[in-house]
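Some notes on the structure that comes next.
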Amino acid sequence: MTKLNYHKQNFFKNTYCIFKAVDPQLVKNKRPNYTSRSGSQYFYTDDGVYRISSHWGRAATCRWRLQTEATSFRNGTKVGFANWSDFHKDNEVEKLYFIKKSKFTHTYEYFHKNEPSYRATFVLRTAGDTRKVLRQLKTITTETKWAKYIPHDDLDDLRDYLIEGLITTNKSLPELKREY
């Protein structure tokens with residue numbers, strides 16, 4: 001399958017992308033090429049696009065995240081840049097996403113199969129199935145009451161087993177709990 005080439009006329013149509021946070025000075029005193037109804041501003045270059053926005057994640061028909069350090073906020077608005085090659089197709093029906101621990105947020109996040117960090121050991125899922133597993137991972141990593149129903153001696157070991165199983169197999173959470 002050939003990868004679509006994204007550019008200023010199509011990057012905003014059903015795409016996934018992780019923008020990198022950049023210094024707001026890079027677009028200071030520049031005029032945006034486009035401003036959305038929600039107020040996000042876009043600045044096009046030959047290499048990619050700068051986006052100034054107070055909201056990231058789901059943007060219209062796109063899934064756009066911002067990779068940032070907590071200190072890069074500017075009045076709630078953040079500036080990100082993405083190369084045109086960082087955009088990937090997105091839809092609800094294809095198995096396009098895998099889950100891994102983000103080295104930036106140290107939480108489990110979804111990533112597109114066309115990203116360089118993809119490994120065959122990760123299970124690919126649809127967007128809906130990925131959201132379901134992410135909710136399960138959040139519960140496993142932040143709560144403890146679920147563990148009282150599973151015989152175990154070490155909560156960290158149990159968590160590691162369930163997390164690894166959810167990320168690298170198609171087994172359901174109840175199935176993994178029974179196998180532990």
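Can you tell me which residue among 68, 15, 61 is hydroxyl-bearing (Ser, Thr, Tyr), touching a residue at least 40 places away in the same chain (Cβ under 8 Å) and open to solvent by less than 30 Å² (accessible area, probe 1.4 Å)?
Numbers: 68 fails: open to solvent by less than 30 Å² (accessible area, probe 1.4 Å); 61 fails: open to solvent by less than 30 Å² (accessible area, probe 1.4 Å).
Residue meeting the stated conditions: 15.
Taking the options 87, 104, 122, name whichever one is of a type in the set (Phe, Trp, Tyr), closer than 30 Å to residue 5 by Cα, within 20 Å of the chain's Cα centre (by Cα) and open to solvent by 70 Å² or more (accessible area, probe 1.4 Å).
104
Applying the selection to the stretch 136-159, what residues are within 21 Å of the chain's Cα centre (by Cα) and either among the aliphatic types (A, V, I, L, M) or surrounded by 10 or more Cβ atoms within 10 Å (Cβ to Cβ) (or both)?
Of all residues in the stretch 136-159, those within 21 Å of the chain's Cα centre (by Cα) come to 136-142.
Result: 136, 137, 138, 139, 140, 141.
Which one of these is of a type in the set (Phe, Trp, Tyr) and open to solvent by 30 Å² or more (accessible area, probe 1.4 Å): 42, 110?
Selected residue: 110, the only one of 42, 110 that is of a type in the set (Phe, Trp, Tyr) and open to solvent by 30 Å² or more (accessible area, probe 1.4 Å).
Evaluate the following for residue 97: is it of a type outside the set (A, V, I, L, M, F, W, C), modelled with pLDDT of 95 or more and open to solvent by less than 10 Å² (accessible area, probe 1.4 Å)?
Working: of a type outside the set (A, V, I, L, M, F, W, C): yes; modelled with pLDDT of 95 or more: yes; open to solvent by less than 10 Å² (accessible area, probe 1.4 Å): yes.
Here the answer is yes, as residue 97 does meet what is asked.
The values are calculated or read from the model by the stated rules, or taken from the named source; none is laboratory data. All values derive from a computational prediction rather than experimental measurement. Cβ atoms come from the backbone with ideal geometry, glycine included; neighbour counts cover every protein chain shown. Just so you know, the surface numbers come from the protein's heavy atoms only, side chains and all, with ligands and any DNA or RNA stripped out. Shrake-Rupley method; radii C 1.70, N 1.55, O 1.52, S 1.80 Å.
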